[in-house]
Structure formats: structure tokens, C-alpha cells
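Okay, structure first, notes after.
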Amino acid sequence: MNKILTTEIWHEAKKLARRAPRRKLAVAYVTTDHVGLRTGDVLVTDASPRSIKSGQTDAKLLAKLHKAGVIIHSREGLHSKVMLIGKHAVVGSANMSGSGLTEAAVLSDEPTIRSGVASFIAQLCTKKSRLGAEDIAALCKIEVVRTGHPKGKPKKPIRIRRLGNATWIVGVFDLKRGPTEDEQKRIERATSDINERLGAAAEEYDWIRWGKKGAFAKECRVGDTLIHVYNPKSGRGRTITRRRAVLLKRTEPNWTRIYLSDETRDSHEINWSRFQRILRAADYPRKVQPGSVHRLEPEMAHTIDRKWTRVE
């Protein structure tokens with residue numbers, strides 16, 4: 001579903017937010033909480049001293065949100081207006097303020113759009129960008145002189161890796177042996193990094209260990225979407241989930257390790273038999289086996305996604 005929003009952007013966003021388990025926003029300037037942010041939600045905004053001083057971002061509102069348990073990051077020079085609200089992504093022109101300007105946005109539940117927004121926000125969140133109580137308290141002391149726009153240029157441009165938009169079917173198996181001590185340290189560092197940036201429990205993030213050769217290792221990018229085929233050691237109880245976003249890709253001495261977003265209610269875990277019926281209903285031309293790795297054409301990825309909840 002793709003839909004253009006104009007005058008109803010924040011009305012629609014707030015309605016979706018009431019039902020969503022989590023909300024993640026990267027919105028340049030924030031003076032009003034139009035969404036209803038809650039504990040564990042993520043807000044990335046430009047809370048630089050120059051934006052606070054000009055009144056583009058409200059430090060007192062940030063203090064209120066932080067006290068409520070919202071995870072806040074500041075990225076000077078941010079100009080994006082994107083939101084991930086449950087299973088929907090919103091990409092548009094509107095800051096979270098009462099500017100009164102004519103705005104527009106696209107509301108989408110397309111997996112590739114959602115994965116891209118999720119990965120973009122994850123890249124913006126770093127340990128250094130996260131604001132603590134002392135940081136926000138210092139911002140609240142800045143005298144506000146409303147100029148309508150921050151003066152000067154940002155100190156440094158924000159570097160974002162090129163986002164992928166591919167969809168993959170990837171079959172994975174339990175490892176015969178657990179990670180080595182060195183691998184485990186790397187996993188803990190990566191998981192801790194994601195956890196600290198996004199404020200989620202470390203155990204929510206699955207990872208895939210892959211060799212360095214092959215198309216998947218070379219071509220998979222942060223922002224791609226996986227249809228994840230999990231094959232347990234027992235050989236029984238195989239499960240397939242969709243809409244898993246690639247949040248982080250790390251190269252290790254012997255492996256490529258890919259970290260995935262947590263499963264959500266609309267991932268719709270299904271069994272192998274039903275997955276095969278979905279593929280047949282979508283007229284997928286290739287044979288999919290438990291260990292298959294297929295990169296899907298965009299139209300086929302869209303068709304499979306639409307068939308997911310309609311085929312019994």
C-alpha cells in the first residue's frame with residue numbers, strides 16, 4: 001500500500017502510532033510531539049546549539065520526551081523527515097512543528113521502503129549522537145532567539161552508507177559449532193552497538209554468519225529485505241519470516257556477519273508447506289530449497305509479499 005498524505009500527515013501518523021509497538025523517527029526539527037512518542041521509541045533530530053538557539057528544535061520538549069523514556073539522538077545538519085511507525089513508513093517534507101507550511105508525504109507498507117527507512121535511522125544513531133540528561137539540560141539553558149532558520153552551516157556532513165533495496169530469499173541453518181571466543185567478542189560489540197543506538201534488548205537481533213564468497217556476501221547491503229528461511233538442527237519445525245531488514249553488515253577475518261531487525265507482528269511467520277503454496281500462487285519460476293539464496297526481481301518480491309497473508 002502506497003498513499004500520498006497532505007493535510008492529514010500528522011493525523012494519520014498519530015492514528016498509526018497508537019496501534020504500533022514501536023516508533024522511530026528521523027525528523028530534522030521538532031517543537032511539538034505530533035506522534036505521541038513513548039518509552040523505548042527513537043527520535044533523531046537536529047538538536048545542535050544553533051538549532052536550539054534559533055527555535056527550530058525545542059530543548060524543553062526533548063527534556064520531556066527523554067524523561068518519558070524516549071531515546072533521543074542529535075545529528076547537526078539533519079534534513080530528513082522519515083518515520084517508521086509499526087509496519088508503516090512515512091517519507092515526506094514535514095518537520096514535527098507547527099510551521100503551517102503546505103507539506104506532503106508518502107505512507108507505505110512496502111518492505112523495501114520500510115527496510116530502507118529502518119536502516120537509515122539505524123545509521124544515524126551512534127553512541128556519540130545519543131543525548132543524555134546532562135546534554136539536554138545544557139541545551140535547555142541556551143537562550144532562544146527565534147530566527148526561523150539556524151545560522152551558519154553544520155560542522156560536518158552526515159555520512160550515510162548507500163542503502164540497498166533488494167529482497168532476498170535466504171535459507172540458514174543452525175551452526176554445528178558455536179562462535180569462537182574471538183567471534184563472540186565481535187558479536188557482542190556489534191549487538192551492543194545496535195542496542196545502545198536503538199535502545200532495544202540485545203537478544204532481539206539475529207545474525208547470519210556467511211562466507212566471504214558468493215553473491216549474497218558481496219551484494220547484500222544495509223537496507224535490504226530478507227525472506228528468512230530458518231532450518232533448525234532437528235530438521236523439523238522449519239519457519240519462514242518476511243520483512244527482516246538488514247541493519248548492520250560486518251566483515252570479519254573469516255566471515256561476513258549480517259545483523260537483522262527484530263521480527264514484528266507483520267513478519268507473519270509461516271511453515272515450509274505454506275511458503276511453497278505462496279510461491280506457486282505468485283508463479284515464482286525457480287525452485288526454492290531449504291538452503292536456497294535467491295535475489296528477487298522487485299515485481300516478484302512485491303507479488304510474494306502480497307500473497308503472504310492471502311494464501312492458506
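For this structure, a couple of remarks:
- Among residues of the stretch 210-234 that are on the phi < 0 side of the Ramachandran plot and free of Cβ contacts under 8 Å to residues at least 60 places away in the same chain, those with a Cβ under 7 angstrom from a residue that is small (Gly, Ala, Ser) and open to solvent by 10 Å² or more (accessible area, probe 1.4 Å), sequence gap 6+ or separate chain, pair up as 217/211.
- Summed over the stretch 37-60, residues that are more than 19 Å from the chain's Cα centre (by Cα) and either surrounded by fewer than 17 Cβ atoms within 10 Å (Cβ to Cβ) or among the β-branched types (Val, Ile, Thr) (or both) total 4.
- The stretch 217-300 holds strands (runs of 3 or more DSSP E) entirely within its bounds, and those carrying 1 or more residues that are farther than 23 Å from residue 176 by Cα map to 225-231, 239-251, 293-296.
- For residue 21: the one exception among (1) more than 16 Å from residue 120 (Cβ to Cβ); (2) over 14 Å from the mean Cα position of the chain (by Cα): (2)
- Qualifying residue in the stretch 248-261 (condition: under 26 Å from residue 124 (Cβ atoms), touching a His at 6+ places or on another chain (Cβ under 8 Å) and aliphatic (A, V, I, L, M)): yes
- Test: residue in the stretch 212-235 that is touching a Pro at 6+ places or on another chain (Cβ under 8 Å) and under 22 Å from residue 191 (Cα atoms): yes
- The set of residues in the stretch 260-282 being more than 23 Å from the chain's Cα centre (by Cα) and in contact (Cβ under 8 Å) with a residue 12 or more places away in the chain consists of 271, 272, 274, 275, 276, 277, 278, 279, 281, 282.
- Residue list for the stretch 283-312, filter: crowded, with 17+ Cβ neighbours inside 10 Å, among the charged types (D, E, K, R) and within 23 Å of the chain's Cα centre (by Cα): 305
- The criterion of being touching a strand residue (DSSP E or B) at 6+ places or on another chain (Cβ under 8 Å) and at pLDDT below 90 holds for residue 193.
- Yes/no for residue 226 being open to solvent by less than 40 Å² (accessible area, probe 1.4 Å) and under 18 Å from residue 161 (Cβ atoms): yes
- Any hit, the stretch 8-26, residues being open to solvent by less than 10 Å² (accessible area, probe 1.4 Å) and basic (Lys, Arg): yes
- One residue stands out among those in the stretch 239-261 that are buried (at least 17 other Cβ atoms within 10 Å of the Cβ), more than 16 Å from residue 216 (Cβ to Cβ) and not aliphatic (A, V, I, L, M): the one that is modelled with the highest pLDDT, which is 241.
For every residue, the table says whether it meets (1) more than 18 Å from residue 58 (Cβ to Cβ); (2) in contact with a helix residue (DSSP H, G or I) (Cβ under 6 Å, 6 or more places away or on another chain); (3) of a type in the set (A, V, I, L, M); (4) surrounded by fewer than 23 Cβ atoms within 10 Å (Cβ to Cβ).
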{"position": "76", "(1), (2), (3), (4)": "no, no, no, yes"}
{"position": "81", "(1), (2), (3), (4)": "no, no, no, yes"}
{"position": "85", "(1), (2), (3), (4)": "yes, yes, yes, no"}
{"position": "93", "(1), (2), (3), (4)": "yes, no, no, yes"}
{"position": "102", "(1), (2), (3), (4)": "yes, no, no, yes"}
{"position": "107", "(1), (2), (3), (4)": "yes, no, yes, yes"}
{"position": "119", "(1), (2), (3), (4)": "yes, no, no, no"}
{"position": "131", "(1), (2), (3), (4)": "no, no, yes, yes"}
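The values are calculated or read from the model by the stated rules, or taken from the named source; none is laboratory data. Nothing here was measured: the structure is a model prediction, and the numbers come from that model. Note that we place each Cβ from the backbone using ideal geometry, even for glycine, and neighbour counts take in every protein chain shown. SASA here: full protein model, heavy atoms, side chains in, ligands and nucleic acids out. Shrake-Rupley method; radii C 1.70, N 1.55, O 1.52, S 1.80 Å.
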